[in-house]
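What follows is a set of notes on a single structure, which appears directly below.
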Amino acid sequence: MFQSIQKNMLLKHPVLWNLRVIPAVIILVILNILSFGFGFITEFIDFKEYENNYHYENNISFIFLAIAISLLLLILWLVNYFKNNAFKAFYPVKPGQLYKEWLLLFGMLFGMSLFIPAFFYGKEVKIRSYYSEAELRKRAAILSEASFFIEGSYSFHNTIETYEGDVVTETAVAVDSAAVVETTDSVKDCHCFYLRGKKYSTGSLLNKNIDSYSFFDQPTDSLRRLKIQNWLIDQKKDSVINVMKAYLAIANEHNLKGNVTPEEWYALLVENPEFETLNSIGPKQDDGVYIQNEYNFNNRFDSINKYIVNVDNEAREYYRHYVPHDYLDYNYNRMVNAYVSPDMNLTSLLIPLYIALGLSLLIFSFRVTSGKQWLIALVVVIIFNILSGIITALINSDYSYPIAILFLLFSAYFYFIRTTIKKESKKISGIMINILLWVTPSFWMFVYYLVLEILKDLSYNYHSTYVNTPYYPTIQFLKDYLVPINYFNILFVIVIMAYFTRVIRKWRGIAEE
Amino acid sequence: MNEFEKQFQEIEDYLKFEDYTLLTKRIVDLTLDTENLSFYQKTNAFLDWLDYNENAIEEKTARYRELLAELHAFLKDKPTAPRDVLVSTSDLVKNYGYGAFGLGPIQLKLHAGEILGLVGENGNGKTTLLRSLCGELHPSSGSITYHFPYTDLYALRTQLVYIPQRTDTWYGSMFENLQFTATLYGYAPEENEHLVNLIITRLGLRKFKHHAWKSLSSGYKMRFELARMLLRKPKLLLIDEPLANLDILAQQTVLEDFKSIAKSPFRPIGIVLSSQQLYEVEKTSDQVIFLKHGKQKNLHESKEDTSVVNSNELIIEFESSLSQRELGELFQPLELVALQFNGGTFIATFPENITVYAFLQHSIDRQIPLTYFRNISNSTRRFFVS
């Protein structure tokens, strides 16, 4: 069957046959599925872990294996592809045919560059497969609410009212609030804050922050925190107990244990005047090695909530009351991030796209010119880069290197076009085609870099701060849209290749000497 | 009688004299001329049958006769192709820089169905002229005009097939290579395999279609190049030294193939070939150009171009056991102009009024021992005489 497909391709689609599209696509699909599957199978959530232990052996082995397979496949495929060259042999080639050939080349090389992304995508899909997004969102909210009652940070206040920006652990220092709300010295001095018109100490449970998960934005987190504060003030014990129960149920589901019941947990923390207590619930049993510190008053051992245990001749701090929060927090963060900020995204996809683009142009330029011209072009580009680099270093300019490359690009283009217009002999235009094709993908990126540098230099000339200059919005736009600009750049190369391939076809007809 | 009928008569004679090898080749030519799938299938079926029934003379003859009749019936009303001018040059000059070798000026005109032979010593511009005609070299001055339509230079060069002396290696199966060419040249999928089979049979490659390039001899490589060329339907075929490395039999076969390919009544092409095999080339070619230091030399006096004048003297190449002095004395009555000893043979030049018969009669009368004799008055061989 396979041979009959190939024969059919030879008789009907010679370009596809020559590119060995069918076998190559089948192999690529299988290998990409295997890569995905390998990523999916080897990845898992281990609730015994509470921090990143950097078990990357599998990843590194796979990356090396994938690179080796890609190279092997590329070489085998090129050997077959280079067997026939209809364009060089002056077989009839329609104006658009060369472009189609390059597009196919680009597509297949993209497929060959996808093994590693497919592997990591498989890993992410596995992580996401534990729970649906809706379920995970619900669980993350419970974890976030329960974290209010687990040892963690408290808000810093230098304003009268609680500021929503304070609620998240990671952004607990409310520096921004100082800019918008008037600071009063009395608040700073009393270590207190006001909530619903009542004054509380900053050490009150009401001032506790909650953990955030990247599903939620800051206002949502603030509202969740406010809800818990209101439950406490309104003495809605059932609501709080329910959160604790739900939390411990999740822990139980993952075979993680604490040593408090919801009622004990509630009693330890909440049932205190003004919600002030020295009790705390640890995020795990073992808080690490005990280190006696006689000089740091603030780092004294917390004997109320911890005790010391000798484990293998090593003193370790153990919480008297704990829940397995570190385990849940670490692993649920992994799962949430797999949804919210996956590693395999449009930005990371640029890597295989650029690899495929670069390789396709290198191979295509070799196909349409000659090995000798290709090699000479390579030497020219290397020498040109070295010289440009030296000049850049000597004159210490941010502009010289991109300008030099753009100069090289335009020189190659004009020489090539001049040759096709004069129609006399090719001379060194074959070398120029190689350079043109290789440097074109960098055109917009060097323009981008130049514009950014010029704008930055212009904004430095202002005496006001950087953000207040009229160039700031453009600079920020360029920075924010770097990924779309890269996609535009790739699209630009794809479009301009339609033009280049047509001119190259005409150029091929010109006399060699 | 048109060109087709003339050629058909020759083919019938092959059958009459049981020259089955030539007959098979010419039947394939006729089949290709039909450009008809059912004939492709019919002839291929016959060739397959022939592979196993080579010795069934009677049945073979009957089948040949039947196929020939069908081909004749199909082709007799098909209009033959005109013999238009394909390419002409006007004062074509190609220089490789100041002081370096220069070709030309060259004047030539080639029609469809004609073979132009290029002869000359090594390094005298044969390859340069071929490369100029195929578009590889741009003229330093003068011009080359192609008298057939083409949209751009690339399209032009698809119609000019140049086979250099050292051909590129073919990779993979020979048969697949030819099929690839056929597909790119627009042959329908259903006729592709039949057509390729016919062409490889035409060039005697039936047994070699699955061979690797490296296992083929120079002669068979050349034939595969010709097979590919046939699929490319060129207007002009340019071949550099096609006879080099071929044995005498293979040379004759290849030249005969060129002749029938060029002179197809329905698909004629122009062929320009360079060679050192003067007599073989002269036998096959319609025109011969001799190049000496890049300059074109014509055989006879030309009223238009006196710069390439050579006299119309009688020039005889011969071998004899007599010495140069003895021969000089013996031929003196024929007003011998010159007698040169060149590479084991003598070249005798006589005035225009002396005929070849007079030379022979004189040799018989004087009993001059001749072991070899050739009138080279109309051969470029005379230009090789120092």
*region B:356-385: number of residues that are polar (S, T, N, Q), touching a strand residue (DSSP E or B) at 6+ places or on another chain (Cβ under 8 Å) and loosely packed, with under 13 Cβ neighbours inside 10 Å*: 1
*Restricting attention to region B:59-92, and to residues there that are at pLDDT 90 or above and of a type in the set (Gly, Ala, Ser), which single residue is farthest from the chain's Cα centre (by Cα)?*
B:ALA62
*Residues that are surrounded by fewer than 17 Cβ atoms within 10 Å (Cβ to Cβ) and not acidic (Asp, Glu): which helices (runs of 4 or more DSSP H) entirely in region A:370-474 hold 1 or more of them?*
A:371-395, A:400-422, A:443-460
*Spans of helices (runs of 4 or more DSSP H) in region A:1-117 with at least 2 residues more than 26 Å from B:SER173 (Cβ to Cβ)*: A:21-42, A:57-81, A:97-112
*Test: B:ALA56 is at pLDDT 90 or above and small (Gly, Ala, Ser)*: no
*Give me a count of the residues in region A:121-147 that are crowded, with 22+ Cβ neighbours inside 10 Å and among the hydrophobic types (A, V, I, L, M, F, W, C).*
3
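Would you confirm whether or not region A:189-201 contains a residue that is crowded, with 23+ Cβ neighbours inside 10 Å, part of a loop (DSSP other than H, G, I, E, B) and modelled with pLDDT of 80 or more?
No.
Rundown of residues vs (1) hydroxyl-bearing (Ser, Thr, Tyr); (2) assigned to a helix (DSSP H, G or I); (3) away from chain B (no Cβ under 14 Å); (4) exposed (fewer than 14 other Cβ atoms within 10 Å of the Cβ), yes/no style:
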| site | (1), (2), (3), (4) |
| --- | --- |
| A:GLN476 | no, yes, yes, yes |
| A:PHE488 | no, yes, yes, yes |
| A:VAL493 | no, yes, yes, no |
| A:TRP507 | no, yes, no, no |
*Which condition number in (1) part of a helix (DSSP H, G or I); (2) within 11 Å of chain A (Cβ to nearest Cβ); (3) among the aromatic types (Phe, Trp, Tyr) is the one that B:TYR220 fails?*
(2)
*State yes or no: is A:ILE435 within 14 Å of chain B (Cβ to nearest Cβ), of a type in the set (A, V, I, L, M, F, W, C), in contact (Cβ under 8 Å) with a residue 24 or more places away in the chain and within 22 Å of A:VAL380 (Cα to Cα)?*
no
*Got at least one residue in region A:471-488 being closer than 30 Å to A:TRP102 by Cα, touching a Ser or Thr at 6+ places or on another chain (Cβ under 6 Å) and not hydroxyl-bearing (Ser, Thr, Tyr)?*
yes
_Residues of region B:162-200 classified as aliphatic (A, V, I, L, M), more than 9 Å from chain A (Cβ to nearest Cβ) and either open to solvent by 30 Å² or more (accessible area, probe 1.4 Å) or farther than 20 Å from B:VAL28 by Cβ (or both), total_ = 1
*State whether one or more residues within region B:167-184 are farther than 29 Å from A:ASN80 by Cα and in contact with a Lys or Arg (Cβ under 6 Å, 6 or more places away or on another chain).*
no
_Flag if A:GLU43 is in contact (Cβ under 8 Å) with a residue 12 or more places away in the chain, touching a helix residue (DSSP H, G or I) at 6+ places or on another chain (Cβ under 6 Å) and open to solvent by less than 70 Å² (accessible area, probe 1.4 Å)_ = yes
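One line per residue, one yes/no per condition, for (1) part of a loop (DSSP other than H, G, I, E, B); (2) at pLDDT below 95; (3) within 23 Å of A:SER204 (Cα to Cα):
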position	(1), (2), (3)
A:LYS257	yes, yes, no
A:GLU271	yes, yes, yes
A:ASN298	no, yes, yes
A:ALA315	no, yes, no
A:ASP329	no, yes, no
*Collect the residues in region A:72-98 that are under 22 Å from A:LEU437 (Cβ atoms), more than 14 Å from chain B (Cβ to nearest Cβ) and open to solvent by 30 Å² or more (accessible area, probe 1.4 Å), keeping them in residue-number order.*
A:ILE75
*Scanning for something over 25 Å from B:ARG267 (Cβ atoms), open to solvent by 10 Å² or more (accessible area, probe 1.4 Å) and not assigned by TED's automatic domain parsing to the domain that holds B:ILE11, does region B:75-86 turn up at least one residue?*
no
*Can B:GLY120 be described as in contact with a strand residue (DSSP E or B) (Cβ under 7 Å, 6 or more places away or on another chain), at pLDDT below 90 and of a type outside the set (Lys, Arg)?*
yes
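The values are calculated or read from the model by the stated rules, or taken from the named source; none is laboratory data. What you see is a predicted model, and the numbers here were worked out from it, not measured in a lab. Ideal geometry is used to build each Cβ from the backbone, glycine not excepted, and the neighbour counts take in all protein chains shown. Surface accessibility is based on the protein's heavy atoms, side chains included, excluding ligands, DNA and RNA. Shrake-Rupley method; radii C 1.70, N 1.55, O 1.52, S 1.80 Å.
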